[in-house]
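Asks: Below is the structure I would like to discuss, written out as structure tokens.
The values are calculated or read from the model by the stated rules, or taken from the named source; none is laboratory data. No experiment lies behind these values; they were computed from the predicted model shown. Here the Cβ positions follow ideal geometry from the backbone for every residue, glycine too, while neighbour counts run over all protein chains shown. Please note that ligands, DNA and RNA were not included when accessible areas were found on the heavy atoms of the full protein model with its side chains. Shrake-Rupley method; radii C 1.70, N 1.55, O 1.52, S 1.80 Å.
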Amino acid sequence: MRARTLVPVLAVAAAAAVTGGSALAATMGPVEVMKEPTLGNILFTPKGQALYTWHREKAGHIKCTGACAKQWPPVIVTRASAVPKHVAGAMATFGTIKRPDGRLQVTENGHALYRFHADPKGVAKCNNVDGWFVVKAH
């Protein structure tokens with residue numbers, strides 16, 4: 001009986017060794033749902049930074065570059081496969097878009113995702129500021 005239990009554990013450990021990380025890390029993505037004190041359930045990075053979209057950008061287009069992207073850093077991934085199509089608790093479809101500089105930016109329903117550079121962990125301070133809105137989990 002013990003040998004049957006050990007085989008799946010060894011398979012997970014072997015997969016983690018081959019991919020260079022843990023099995024848990026393979027399931028984590030750049031977006032998660034967290035409760036913000038005043039706004040409820042919204043999207044955050046795994047480090048607790050609130051995620052925003054900019055109403056001046058249409059789905060599939062990037063306008064926030066240069067100085068804008070310094071204030072509002074885009075959520076960047078190195079490969080599209082790092083972004084799960086769906087995130088637990090979020091009513092959206094996630095993907096990527098290529099930025100003008102060639103990097104891949106995470107999207108929610110086709111809209112590019114950003115963080116505000118000065119937001120404290122777990123708090124969204126810039127909702128409805130100059131056209132920036134947090135992304136609600138719905």
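Asks: Only residues that are loosely packed, with under 10 Cβ neighbours inside 10 Å and over 18 Å from Leu104 (Cα atoms): list them for the range 77-91, please.
Replies: Of everything in the range 77-91, just one residue is loosely packed, with under 10 Cβ neighbours inside 10 Å and over 18 Å from Leu104 (Cα atoms), namely Ala88.
Asks: Okay, moving on. With the requirement that a residue be farther than 20 Å from Gly48 by Cα, in contact with a Leu (Cβ under 8 Å, 6 or more places away or on another chain) and surrounded by 12 or more Cβ atoms within 10 Å (Cβ to Cβ), what does the range 97-107 give you?
Replies: Within the range 97-107, Ile97 is the sole residue that qualifies.
Asks: I'd like the residue in the range 108-131 that is without any contact (Cβ under 8 Å) to a residue 40 or more places away in the chain and open to solvent by less than 80 Å² (accessible area, probe 1.4 Å) and, out of all such residues, is nearest to Asn41 (Cα to Cα).
Replies: Within the range 108-131, the match that is nearest to Asn41 (Cα to Cα) is Pro120.
Asks: Go through the range 59-90 residue by residue and tally those that are polar (S, T, N, Q) and touching a residue at least 40 places away in the same chain (Cβ under 8 Å).
Replies: Residues in the range 59-90 being polar (S, T, N, Q) and touching a residue at least 40 places away in the same chain (Cβ under 8 Å): 1 in total.
Asks: Taking the condition of being without any contact (Cβ under 8 Å) to a residue 60 or more places away in the chain and either in contact with a Lys or Arg (Cβ under 8 Å, 6 or more places away or on another chain) or open to solvent by less than 50 Å² (accessible area, probe 1.4 Å) (or both), how many residues in the range 47-58 meet it?
Replies: Going through the range 47-58 one residue at a time, the tally reaches 1.
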